[in-house]
1. Give the stretch 14-40 a look and list any residue that's free of Cβ contacts under 8 Å to residues at least 12 places away in the same chain, within 30 Å of ILE74 (Cβ to Cβ) and not charged (D, E, K, R), or say none.
2. Go through the stretch 61-88 and count every residue that is outside any strand (DSSP E or B), on the phi < 0 side of the Ramachandran plot, at pLDDT 75 or above and not acidic (Asp, Glu).
3. I'd like to know if the stretch 41-48 contains one or more residues that are touching a strand residue (DSSP E or B) at 6+ places or on another chain (Cβ under 6 Å) and either under 13 Å from ARG78 (Cα atoms) or part of a helix (DSSP H, G or I) (or both).
Amino acid sequence: MEREERRRFAMIKIALVIGLAFVIQFVLSSFQMKNFNNEFVRLRRKGKVAIGRKSGGFHAGAIVMFRIDEKGIIQESRKNDISCQSKRFSGI
């Protein structure tokens, strides 16, 4: 009986760790999306914005935003690595 209780307790701990990981991922992703949206709005107020994306699969991908003028010339750029560790946009 004691062995079954230890096994059950271990399974509960594993489930809690996995659940906590999902919650942390959700919170960090929310901050990242908010930052991206704020940066996009800031660039959009200045003019046209082109966005490029590179998927990374299990590795971090990237999103690049370019503010362009009427002639299609890049005036400003922003880059965002897609991972929970990156918080800010940095100039390219």
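The values are calculated or read from the model by the stated rules, or taken from the named source; none is laboratory data. Everything numeric in this text was worked out from a predicted model, so none of it was measured. Ideal geometry is used to build each Cβ from the backbone, glycine not excepted, and the neighbour counts take in all protein chains shown.
1. Those that are free of Cβ contacts under 8 Å to residues at least 12 places away in the same chain, within 30 Å of ILE74 (Cβ to Cβ) and not charged (D, E, K, R): SER30, MET33, ASN37, ASN38.
2. Number of matching residues: 2.
3. For the stretch 41-48, residues touching a strand residue (DSSP E or B) at 6+ places or on another chain (Cβ under 6 Å) and either under 13 Å from ARG78 (Cα atoms) or part of a helix (DSSP H, G or I) (or both): present.
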